[in-house]
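Below: one structure, written as structure tokens.
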């Protein structure tokens, strides 16, 4: 569907999970892919929470390619709750989930190619929560808000959108029964569900889309549940 030959795609957190599949799909479409991850990978090994690593990574990308066409902020912050999470835990999550996307975008700003696109990977948790998820949820809420702010600041130069995944099976497990059927779409999500939307948002076909946060969760955030619906009962706090 997509032809990204002679395009340069930068993906954070590209060594595993959704990020790895995004990198694979960009390469299948012909793009040159650069990634940064704490884990070993064929790009840059570095910590997104460290300013020095962000600057070194950006410098390497520009020295090697001279420009950036697509920038995907995918790296996930850690999840720590109000009970056990420390000040440092919360701060680190915001550095990885919000500060790094802001700063990498700033570093690459002079080098974005014509028709460039940024895609931020947020989460349905930016809009709904489970207990003890404060650091992750706050970071995802931050990147969703950063999306429309950057879309305005970069208007006319770069389109900026977000994707908010729901339950995505990054372990490639086969789920059936209630785990799958609770989703209105009838199944758990797959990393390709996210990767395909990333590539679409980076393509010319999405040229009129910017500042948006697209939720891909099989319909779960639209499902209204009351006590006793489908056998579910409220047990109380």
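The values are calculated or read from the model by the stated rules, or taken from the named source; none is laboratory data. Everything numeric in this text was worked out from a predicted model, so none of it was measured. Cβ sites come from the backbone with ideal geometry, for glycine too, and all protein chains shown count toward neighbours.
List of remarks:
- Selection from region 153-167 of residues that are part of a loop (DSSP other than H, G, I, E, B) and either at pLDDT below 90 or in contact with a helix residue (DSSP H, G or I) (Cβ under 6 Å, 6 or more places away or on another chain) (or both): 166, 167
- Residue match in region 185-196 (condition: over 14 Å from residue 76 (Cα atoms), in contact with a strand residue (DSSP E or B) (Cβ under 9 Å, 6 or more places away or on another chain), in a strand (DSSP E or B) and free of Cβ contacts under 8 Å to residues at least 40 places away in the same chain): yes
- Screening residue 189 with (1) touching a helix residue (DSSP H, G or I) at 6+ places or on another chain (Cβ under 6 Å); (2) closer than 21 Å to residue 20 by Cβ gives one miss only, at (1).
- Single unsatisfied condition, residue 205 versus (1) more than 21 Å from residue 217 (Cβ to Cβ); (2) out of contact with any strand residue (DSSP E or B) (no Cβ under 6 Å at 6 or more places or on another chain); (3) assigned to a helix (DSSP H, G or I); (4) touching a residue at least 12 places away in the same chain (Cβ under 8 Å): (4)
- Meets criteria (in contact (Cβ under 8 Å) with a residue 40 or more places away in the chain, surrounded by 15 or more Cβ atoms within 10 Å (Cβ to Cβ) and over 21 Å from residue 197 (Cβ atoms)) for residue 49: yes
- Taking the criterion of being without any contact (Cβ under 8 Å) to a residue 60 or more places away in the chain and either in a loop (DSSP other than H, G, I, E, B) or on the phi > 0 side of the Ramachandran plot (or both), the residues of region 1-44 that qualify are 3, 5, 6, 15, 30, 31, 38, 39, 40, 41, 42, 43.
- Subset of region 96-120 [over 19 Å from the mean Cα position of the chain (by Cα) and crowded, with 23+ Cβ neighbours inside 10 Å]: none
- Test for residue 170: is it assigned to a loop (DSSP other than H, G, I, E, B) and within 17 Å of the chain's Cα centre (by Cα): yes
- With respect to the conditions (1) within 19 Å of residue 19 (Cα to Cα); (2) part of a helix (DSSP H, G or I), residue 141 lacks only one, and its number is (1).
- Considering region 52-81, the residues that are over 19 Å from residue 199 (Cβ atoms) and under 18 Å from the mean Cα position of the chain (by Cα) include one that is surrounded by the fewest Cβ atoms within 10 Å (Cβ to Cβ), namely 78.
- Taken together, the criteria exclude residue 224 from residues that are in contact (Cβ under 8 Å) with a residue 40 or more places away in the chain, more than 27 Å from residue 31 (Cα to Cα) and out of contact with any strand residue (DSSP E or B) (no Cβ under 7 Å at 6 or more places or on another chain).
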